[in-house]
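Enquirer: Dropping a structure here in structure tokens format, bear with me for questions.
The values are calculated or read from the model by the stated rules, or taken from the named source; none is laboratory data. None of these values were measured; they are calculated from a predicted model. Cβ: placed from backbone, ideal geometry, glycine included. Neighbour counts: every protein chain shown. Note: areas computed on protein heavy atoms with side chains; ligands, DNA, RNA excluded. Shrake-Rupley method; radii C 1.70, N 1.55, O 1.52, S 1.80 Å.
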Amino acid sequence: MKMPTMPDRAMQALYLLALDPVSETTADPNSYGFRRGRCTADAIEACFIALCRNDRAQWILEGDIRSCFDRISHEWLLTHIPMDKVILAKWLKAGYLENRRLFSTEEGTPQGGICSPVMANMALDGLERLLAAHFPKKGSPEKRAKVNLIRYADDFCIPGASKELLEQEVQGKWSGVIWFLEGDIRACFEEIDHEILVEIMRKKIKDERFLRLIRKFLGAGYMDIDEVRKDSLAGTPQGGIISPILANIYLHELDEYVEQVRAELEKGELRKPNPGYRSLQRKRLCLAQAGKPIPGNTKSWENRCENSRHWTPKTQTSYGSNTCATLMTG
């Protein structure tokens, strides 16, 4: 185990005060190791909830990430950990002494470092969300995969509905996302269009006095190093208290667009059958087995069955269960 010197530990403790709240906002819900207010008892409780009833998962895939602290990529940490990159690089590349010999460190974080557990958690966060996206909780309780992830530091367990599912689908096939498109919006705060931002806020905020106050804040201007006032034609001041909120409001439009694109890309080739259509088919089968004629016009019945075959909001409204009951009663 590598142990930083006391001055380094003190410096890491200072940076941890700022880094820990950030990691809590991005952490997986079922991550319990090295987090404030969480302990092993909470992880045990999560396992109990996932397994306690007969209709819950009956099998567990248990895992331990080998040499987790020792193999974390320095490049990934320098790119994704939100702190001073120069200080972080010095910590990661400091090396270690053994038998009075200095060895370099090309990967990993020292397990004795104060910030190392938080950085390891940030590197592993996202596994639960990726697993949930690959095995969505859809369908009846009997047909669900019941796959979840409960993690304590680098140890985890994955409950599942069957042994075959965990061995073949999770351990054998699932490897998470293969490719990522990573981006950084250049000069995000400086290039926000004031008019577009106000129009976006006007969709939800009807108080024009509040919007005028926001517009004054955006166009207040600033003083440069020569004490010359300059106008703010675009962007929000990064030192402003509400600037991060305004930037999030502005970028929410991008989030909604990405969600629409994702929904289109993840749409299956076959449409979901309409429950109203299934009900019509079942009642028609019951009439046929009982030897009773179909009420009303047979051709009209066939047309309504065909029109209600697939699930859409309009189809559900027109040919839902109430319509089925009306057809059967006359």
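Enquirer: List pairs: first in the stretch 39-60 and of a type in the set (Lys, Arg), second not in a helix (DSSP H, G or I), Cβ under 7 Å, 6+ apart or cross-chain?
Expert: Within 7 Å, the pairs are 56/146.
Enquirer: Looking at residue 134 and the list (1) in contact with a strand residue (DSSP E or B) (Cβ under 7 Å, 6 or more places away or on another chain); (2) touching a residue at least 24 places away in the same chain (Cβ under 8 Å); (3) open to solvent by 50 Å² or more (accessible area, probe 1.4 Å), which single condition is not satisfied?
Expert: That leaves (1) as the condition not met.
Enquirer: List every residue pair whose Cβ atoms lie under 7 Å apart, where the two residues are 6 or more positions apart in sequence or sit on different chains, the first residue falls within the stretch 93-110 and is closer than 16 Å to residue 71 by Cβ, and the second residue, located anywhere, is among the basic types (Lys, Arg).
Expert: 96/2; 105/93; 107/71; 108/71; 110/2
Enquirer: Same structure, new question: All but one of (1) at pLDDT 90 or above; (2) exposed (fewer than 12 other Cβ atoms within 10 Å of the Cβ); (3) assigned to a helix (DSSP H, G or I) hold for residue 7, so report the exception by its number.
Expert: With respect to (1) at pLDDT 90 or above; (2) exposed (fewer than 12 other Cβ atoms within 10 Å of the Cβ); (3) assigned to a helix (DSSP H, G or I), residue 7 is out only on (1).
Enquirer: Further question: So, residue 57, is that one farther than 17 Å from residue 8 by Cβ, open to solvent by less than 60 Å² (accessible area, probe 1.4 Å) and part of a loop (DSSP other than H, G, I, E, B) or not?
Expert: Numbers: farther than 17 Å from residue 8 by Cβ: yes; open to solvent by less than 60 Å² (accessible area, probe 1.4 Å): yes; part of a loop (DSSP other than H, G, I, E, B): yes.
Taking the combined requirement at face value, the residue satisfies it.
Enquirer: Quick check on residue 253: is it at pLDDT 80 or above, surrounded by 11 or more Cβ atoms within 10 Å (Cβ to Cβ) and of a type in the set (D, E, K, R)?
Expert: yes
Enquirer: Looking at the stretch 99-109, which of its residues are assigned to a strand (DSSP E or B) and open to solvent by less than 100 Å² (accessible area, probe 1.4 Å)?
Expert: Matches in the stretch 99-109: 103 only.
Enquirer: Here is a further query. If I filter the stretch 105-119 for residues that are of a type in the set (A, V, I, L, M, F, W, C) and either modelled with pLDDT under 85 or touching a Lys or Arg at 6+ places or on another chain (Cβ under 6 Å) (or both), do I get at least one hit? Explain how you work it out, then say what you get.
Expert: Let us first name the residues in the stretch 105-119 that are of a type in the set (A, V, I, L, M, F, W, C), namely 114-115, 118-119.
Add one more test, that the residue is either modelled with pLDDT under 85 or touching a Lys or Arg at 6+ places or on another chain (Cβ under 6 Å) (or both), and what stays is 114.
Yes, because at least one residue in the stretch 105-119 is of a type in the set (A, V, I, L, M, F, W, C) and either modelled with pLDDT under 85 or touching a Lys or Arg at 6+ places or on another chain (Cβ under 6 Å) (or both).
Enquirer: Is there a residue being modelled with pLDDT under 90, in a loop (DSSP other than H, G, I, E, B) and farther than 30 Å from residue 41 by Cα anywhere in the stretch 156-177?
Expert: Yes; the residues of the stretch 156-177 include at least one that is modelled with pLDDT under 90, in a loop (DSSP other than H, G, I, E, B) and farther than 30 Å from residue 41 by Cα.
Enquirer: Here are the criteria: (1) modelled with pLDDT under 85; (2) more than 24 Å from residue 76 (Cα to Cα); (3) aliphatic (A, V, I, L, M). Tell me which single one residue 198 does not satisfy.
Expert: Of the numbered conditions (1) modelled with pLDDT under 85; (2) more than 24 Å from residue 76 (Cα to Cα); (3) aliphatic (A, V, I, L, M), the odd one out for residue 198 is (1).
Enquirer: Now for a different question. Just name the residue that is farthest from residue 240 (Cα to Cα) out of those in the stretch 184-204 that are β-branched (Val, Ile, Thr), outside any loop (DSSP other than H, G, I, E, B) and over 25 Å from the mean Cα position of the chain (by Cα).
Expert: Looking only at the stretch 184-204, we keep the residues that are β-branched (Val, Ile, Thr), and these are 185, 192, 196, 198, 200.
With the extra rule that they be outside any loop (DSSP other than H, G, I, E, B), the set shrinks to 196, 198, 200.
This time we only want the ones that are over 25 Å from the mean Cα position of the chain (by Cα), so: 196, 198.
Details: 196: 19, 198: 17 Å.
Residue satisfying both the conditions and the ranking: 196.
Enquirer: Would you mind finding the one in 99, 121 that is touching a Ser or Thr at 6+ places or on another chain (Cβ under 7 Å) and not acidic (Asp, Glu)?
Expert: Selected residue: 121, the only one of 99, 121 that is touching a Ser or Thr at 6+ places or on another chain (Cβ under 7 Å) and not acidic (Asp, Glu).
Enquirer: OK, next. What are the residues in the stretch 71-92 that are in contact (Cβ under 8 Å) with a residue 12 or more places away in the chain and open to solvent by 60 Å² or more (accessible area, probe 1.4 Å), if any?
Expert: Result: 71, 76, 80, 82, 84.
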